[in-house]
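Here is the structure we will look at, set down as structure tokens.
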Amino acid sequence: MTELPLALYRGQDVKALDRLAIQTENISGYQLMNRAGLVLWQILQTRWSNVKKIIVFCGNGNNGGDGLILARLAKDHGLDVTVYEIQKPNENSTLEATQARQDWLARGNITLYSGQSLDGDLIIDAMLGTGARAPLAPQFQEAIHQINRSRLSVLAVDLPSGLHADTGNNLGAVIRADMTVTFIGLKVGLFLKEAIDNVGEIIFDDLSIHQSLYANIKPCAWRLTHEQVMSALKKRPLSSHKGHFGHVAVIGGGITGYSGAPALAGEAAMRAGAGLVSAVVAPESLPLLARSPRELMCYGPEKVKECETLFTRATVFVVGPGLSQTAWGKQFFQATLTQKKPMIVDADGLNWLAQYPQKSMHWILTPHPAEAARLLNCSVEQVQADRLQAAIDIQQRYGGVIVLKGAGTVIISESGEAVINPGGYPALATAGTGDVLAGLIGGLLAQGLSPMQAALLGVSTHTQAALIEQSFGERGMIASDLLLHIRTLLNTFDTQ
């Protein structure tokens with residue numbers, strides 16, 4: 001087993017790497033399949049050392065071949081092995097899968113699965129690989145439901161059956177695995193949508209193919225780690241003053257009851273390290289904003305001209321938290337865009353942008369799926385069907401850096417490079433956490449980080465703070481609970 005890599009690939013690109021290895025390394029596809037089967041057997045011995053009886057579910061393709069080689073190795077080492085197939089072999093079966101089947105049949109039987117009760121210690125899911133597409137055939141869906149109902153531990157080969165390798169979508173039914181062992185290249189779909197609830201622990205093995213081969217296939221995305229992005233922060237000089245770390249202006253709170261959003265964004269910008277933070281809200285929201293931290297400078301103008309000096313002095317704008325779809329909100333949204341300064345556009349700022357679309361390389365857009373759908377003039381279902389592609393489409397249409405929030409947040413750079421923040425964080429499913437993220441990114445941007453650096457570090461810090469809170473339970477966290485963790489996290493590695 002090798003360390004989990006950062007590079008992520010679509011299913012077809014992993015197949016291309018597989019073919020390159022066979023063509024350039026003088027090995028056969030069956031030899032590569034045997035390497036995969038051996039890795040699976042070694043993991044089984046290590047993680048499930050007390051297992052006596054395993055059940056292997058196989059498909060007709062190479063994924064099933066990997067499972068059959070594991071079955072053969074387990075049988076040779078004295079385990080009780082039952083092998084089920086979902087369909088009889090057909091003309092689409094590969095030569096390698098056919099060879100694996102013949103080698104297994106020299107040792108044991110294969111039974112066509114038709115709902116038999118599952119009696120064993122561990123299930124091996126080797127039914128469907130990267131080529132699976134919706135809708136799954138009924139017999140596959142029924143087998144998946146039976147496996148999930150069995151409550152037995154499941155080891156998935158390459159990816160859980162029923163999961164789309166590129167999007168993480170459920171193709172009709174999906175295996176809930178305790179562990180997924182994946183080969184050659186990390187599939188991007190393992191880190192998106194339904195995958196997060198179903199892959200379990202992810203183990204990667206490159207099957208000893210030459211590392212030089214990876215230069216031939218460009219990853220479709222990269223996996224985000226907190227340690228990787230912390231290097232963007234540098235130790236501050238002892239002679240520092242507040243003017244060195246930027247002035248963030250938060251534009252929002254367009255109607256009564258929405259003043260909490262700019263307050264959260266403003267405090268997040270301060271906790272991220274911005275030198276100065278101002279909040280501009282509608283006059284009726286100003287009294288409530290007075291409850292905010294004393295360090296937050298608060299303004300309640302009727303007209304934009306009342307803020308001309310502030311707009312000139314601000315170095316970064318965060319426009320949108322609680323902005324509203326009122327005339328006041330429209331006025332201040334449009335005025336902010338004329339500044340041509342770095343900005344984060346969130347919430348109602350995105351809704352205004354969808355109505356008055358334009359392109360800029362100066363901004364970071366932070367939509368959730370519904371806001372993304374408005375930006376693309378499509379349905380939320382279309383956005384969620386391929387989150388990576390949706391984020392790319394937004395970037396191409398609007399420019400800048402895109403942060404498509406949700407399970408498996410997708411970040412797209414100005415040049416179109418994609419980064420995925422792995423995992424799901426149910427503690428964040430509460431009002432105001434998006435406002436905190438917008439302010440956090442704004443505070444980092446004000447300190448001189450590039451837009452992509454600020455987006456990556458902001459997303460990572462936000463989720464790390466959520467993980468700390470999640471240790472106390474998934475329910476009941478409020479957005480302001482994240483704020484003190486932000487300061488701690490952003491100083492943890494600040495030793496450069």
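The values are calculated or read from the model by the stated rules, or taken from the named source; none is laboratory data. Since we're looking at a predicted model, the values are computed, not measured. Don't worry about glycine lacking a Cβ; one is built from the backbone with ideal geometry, like all the others, and counts go over all protein chains shown.
For the range 1-18, a tally of residues being part of a strand (DSSP E or B) and modelled with pLDDT of 95 or more returns 3. Name the single residue, out of those in the range 463-480 being modelled with pLDDT of 95 or more and of a type in the set (S, T, N, Q), that is surrounded by the most Cβ atoms within 10 Å (Cβ to Cβ). Ranking the qualifying residues of the range 463-480, first place goes to Thr463.
The rows are residues; the columns are (1) in the same structural domain as His244 (by TED's automatic domain parsing); (2) part of a helix (DSSP H, G or I); (3) more than 19 Å from the chain's Cα centre (by Cα).
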site: Val436; (1), (2), (3): yes, yes, no
site: Ile441; (1), (2), (3): yes, yes, no
site: Gly448; (1), (2), (3): yes, no, yes
site: Leu456; (1), (2), (3): yes, yes, no
site: Gln464; (1), (2), (3): yes, yes, no
site: Asp481; (1), (2), (3): yes, yes, yes
site: His485; (1), (2), (3): yes, yes, yes
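When you scan the range 352-371, how many residues do you find that are touching a Leu at 6+ places or on another chain (Cβ under 6 Å) and crowded, with 22+ Cβ neighbours inside 10 Å?
Looking only at that region, the number is 2.
Of all the residues in the range 252-281, those that are surrounded by fewer than 24 Cβ atoms within 10 Å (Cβ to Cβ) and modelled with pLDDT of 95 or more number 5.
The single condition from (1) buried (at least 22 other Cβ atoms within 10 Å of the Cβ); (2) of a type in the set (D, E, K, R); (3) closer than 30 Å to Tyr30 by Cβ that Lys193 fails is (3). Scanning the range 369-421 for residues that are assigned to a strand (DSSP E or B), farther than 19 Å from Leu190 by Cα and of a type in the set (Gly, Ala, Ser) returns no hits.
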